[in-house]
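Asks: Below: one structure in structure tokens.
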């Protein structure tokens, strides 16, 4: 039997392809369920937001100190850029933590 791609298919290869397609579709559609872990809520609900808040405050302090006029140097400008990048990363993560904790109440804080 001639396929649309120009090669000849045998009934066995067509059956094997159909079985492979069905197994692929089943594996893609199965949900990924992680096993229960008792440390998920304390770590993601309490420890992680606290560490992010501390990081945001300390990075603000680093920027405030290093941006003084007498502290301008190429190294200090690089450190300010790193601290700013770290603050933006923390702010990006804290938005989702606030959504999860306060709005949905998943962690029952």
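The values are calculated or read from the model by the stated rules, or taken from the named source; none is laboratory data. Everything numeric here is computed off the predicted structure, so don't read it as measured data. Cβ atoms come from the backbone with ideal geometry, glycine included; neighbour counts cover every protein chain shown.
Asks: Being in a helix (DSSP H, G or I) and either within 16 Å of the chain's Cα centre (by Cα) or at pLDDT 85 or above (or both) is the requirement here; does residue 82 meet it?
Replies: Details: in a helix (DSSP H, G or I): yes; either within 16 Å of the chain's Cα centre (by Cα) or at pLDDT 85 or above (or both): yes.
So residue 82 passes the test.
Asks: Residue by residue through region 68-79, note down the ones that are loosely packed, with under 14 Cβ neighbours inside 10 Å and either in a helix (DSSP H, G or I) or in contact (Cβ under 8 Å) with a residue 40 or more places away in the chain (or both).
Replies: Within region 68-79, the subset loosely packed, with under 14 Cβ neighbours inside 10 Å is 68-75, 77-78.
Within region 68-79, 69, 70, 71, 74, 75, 77, 78 meet the criteria.
Asks: When region 60-92 is examined, which residues are found to be touching a helix residue (DSSP H, G or I) at 6+ places or on another chain (Cβ under 6 Å) and within 18 Å of residue 46 (Cα to Cα)?
Replies: Selection gives 90 alone.
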